[in-house]
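Working notes, structure below.
Any read-out appearing in this document is the output of simple, stated calculations on the displayed coordinates, not a laboratory observation. Because the structure is a prediction, the values reported are computed rather than measured.
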Amino acid sequence: MTDDHEGDTTMATKEQTITALTSPTNGWTFNAGSTTTALRRPIFMNGDNFLFSGAGDNLALRVLDDNGRFVLGKDLLLGWDVATGAFTVTAYGRHMEIRATPANTELGWTLNYQAEYEAGPHLSPDEGGDGDPK
């Protein structure tokens, strides 16, 4: 995926993020890119499908593999973190941040995912990736 806004530090509002992430009816395809996480297995694999839905003032995240099976076994409830401008959750030993950033795509947004492990051993970043709408 190309991002013509590389280095753009514009933070989307909560409302913009909800609209951007829930807009693709078929979800977002996860792409970890060139991550070098070797100490632990990443929780998400290339090709996983991120499906977002509104959950009150929050977002629910369902992740399916390329065969349509649940990756996490259940939906995650993501809460908005004003300081980071991202939806966050701590689960599966990771603090995860999911945000929408402006991009030169059909929707005008890209999905960005970052996670840090709660306990060592650590790499930096531990996990990360972006998504393209399906």
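Summary of values
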read-out	value
From phi via Karplus (6.51, -1.76, 1.60), per-residue ³J(HN,Hα) for segment 46-57 in Hz, x at Gly/Pro	3, x, 4, 10, 8, 10, 9, 9, x, 9, x, 8
For N46, distant residues with modelled amide H under 5 Å away	A32
